[in-house]
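The values are calculated or read from the model by the stated rules, or taken from the named source; none is laboratory data. No experiment lies behind these values; they were computed from the predicted model shown. Reconstructed Cβ throughout: ideal geometry from the backbone, glycine too, with neighbour counts over all protein chains shown.
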Amino acid sequence: MKKIALYLASVLLFCGCANGQNRNDFAAVPQPKAGESVATFGGGCFWSMSEAISELKGVNKVVSGYAGGTKVNPTYEEVSSQATGHAEVVQIYYDPKIISYATLAKSFFFAHDPTELNRQGPDEGTDYRSIAFYRTPEEREILLNTIKDVNATKHYNAPIVTQVVPFKAFYPAEKYHQGYYRTHGDNPYISHVSEPKVMKFRKAMHAELKPEFQK
């Protein structure tokens, strides 16, 4: 059994989020539409995070990318080297009349394990750290209060270690990363790592999901 487990682990790592293709064809960063707000969070591999957040009512678009570091327009390979300071993140375009920033913040803490320091499951490194960006003092307060509330529920067995930092810049990831979850269901990493996270998210945030994901 141990050999099987080790083999499976090696397959997941090989096919996983840390082993993307080096195609420098980047997605565009859309401008917010009238009445639309923007939020940016990082919680491990953006393949599952992007899918989970996109299933929420009021979320219009989610773009996978990089933030939190110093290098301008980094590639996936550069971010994976942990030399840029960036983390894998998602930028969320949402309708605040339908979903509040507070609800987005809550959903973020259920879309990954915010108690893991510089890793998520099989993915290790600062590029997989849990990080939440705020654009206003009000958003910072919401994030800190949400952390207190989630910690108080004992939903996790350890305290949240998420970084809460001011937003500076977002750089979109390569086009092949966008919507990866839905187009690569045969990838072992998606089926063994990403999908279980999305299923847990749906259970935790069921009332906030779009109708097609409440089944």
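Across region 39-49, the qualifying residues are those that are touching a helix residue (DSSP H, G or I) at 6+ places or on another chain (Cβ under 7 Å) and farther than 14 Å from Lys197 by Cα, and the one among them that is surrounded by the fewest Cβ atoms within 10 Å (Cβ to Cβ) is Ala39.
Residues of region 64-83 being touching a residue at least 40 places away in the same chain (Cβ under 8 Å) and either of a type outside the set (A, V, I, L, M) or in contact with a Ser or Thr (Cβ under 9 Å, 6 or more places away or on another chain) (or both), which ones?
We begin by selecting, within region 64-83, every residue touching a residue at least 40 places away in the same chain (Cβ under 8 Å); these are 64-68, 72-77, 79-80, 82.
Selection gives Ser64, Gly65, Tyr66, Ala67, Gly68, Asn73, Pro74, Thr75, Tyr76, Glu77, Ser80, Gln82.
Residues in region 50-80 that are out of contact with any helix residue (DSSP H, G or I) (no Cβ under 8 Å at 6 or more places or on another chain) and part of a helix (DSSP H, G or I) were compared, and the one that is surrounded by the fewest Cβ atoms within 10 Å (Cβ to Cβ) is Glu77.
What residue, among those in region 171-207 that are more than 19 Å from Lys61 (Cβ to Cβ) and of a type in the set (A, V, I, L, M), is surrounded by the fewest Cβ atoms within 10 Å (Cβ to Cβ)?
Taking region 171-207 as the starting set, the residues that turn out to be more than 19 Å from Lys61 (Cβ to Cβ) are 184-197, 199-200, 202-204, 206-207.
This time we only want the ones that are of a type in the set (A, V, I, L, M), so: 190, 193, 199, 204, 207.
Working: Ile190: 24, Val193: 23, Met199: 11, Ala204: 16, Ala207: 8.
This residue is Ala207.
Determine whether region 97-108 contains at least one residue that is surrounded by fewer than 19 Cβ atoms within 10 Å (Cβ to Cβ), assigned to a helix (DSSP H, G or I), of a type in the set (Gly, Ala, Ser) and out of contact with any Pro (no Cβ under 9 Å at 6 or more places or on another chain). The answer is yes; a qualifying residue exists. The set of residues from region 26-83 being acidic (Asp, Glu) and in contact with a Leu (Cβ under 6 Å, 6 or more places away or on another chain) comprises just one member, Glu55.
Taking the criterion of being within 23 Å of Ile190 (Cα to Cα), without any contact (Cβ under 8 Å) to a residue 40 or more places away in the chain and of a type in the set (A, V, I, L, M, F, W, C), the only residue of region 30-62 that qualifies is Val62. Per the conditions (1) within 15 Å of the chain's Cα centre (by Cα); (2) modelled with pLDDT of 95 or more, the sole criterion not satisfied by Gly121 is (2).
Picking from residues in region 81-95 that are touching a strand residue (DSSP E or B) at 6+ places or on another chain (Cβ under 9 Å) and not in a strand (DSSP E or B), the one that is surrounded by the fewest Cβ atoms within 10 Å (Cβ to Cβ) is Asp95. Modelled with pLDDT of 95 or more and surrounded by 21 or more Cβ atoms within 10 Å (Cβ to Cβ) - does that describe any residue in region 20-38? Looking for residues that are modelled with pLDDT of 95 or more and surrounded by 21 or more Cβ atoms within 10 Å (Cβ to Cβ), one finds none in region 20-38, hence no.
Report whether or not Ala52 is within 20 Å of Glu139 (Cα to Cα), within 17 Å of the chain's Cα centre (by Cα) and either at pLDDT below 95 or of a type in the set (Gly, Ala, Ser) (or both). So Ala52 fails the test.
To keep it simple, each residue is scored yes or no on (1) in contact (Cβ under 8 Å) with a residue 60 or more places away in the chain; (2) part of a strand (DSSP E or B); (3) within 14 Å of Ala52 (Cβ to Cβ).
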site: Arg140; (1), (2), (3): no, no, no
site: Lys148; (1), (2), (3): no, no, no
site: Lys168; (1), (2), (3): yes, no, no
site: Tyr189; (1), (2), (3): yes, no, no
site: Val193; (1), (2), (3): yes, no, yes
site: Phe201; (1), (2), (3): yes, no, yes
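Candidates are the residues of region 123-146 that are more than 26 Å from Cys17 (Cα to Cα) and of a type in the set (A, V, I, L, M); the one that is surrounded by the fewest Cβ atoms within 10 Å (Cβ to Cβ) is Leu144.
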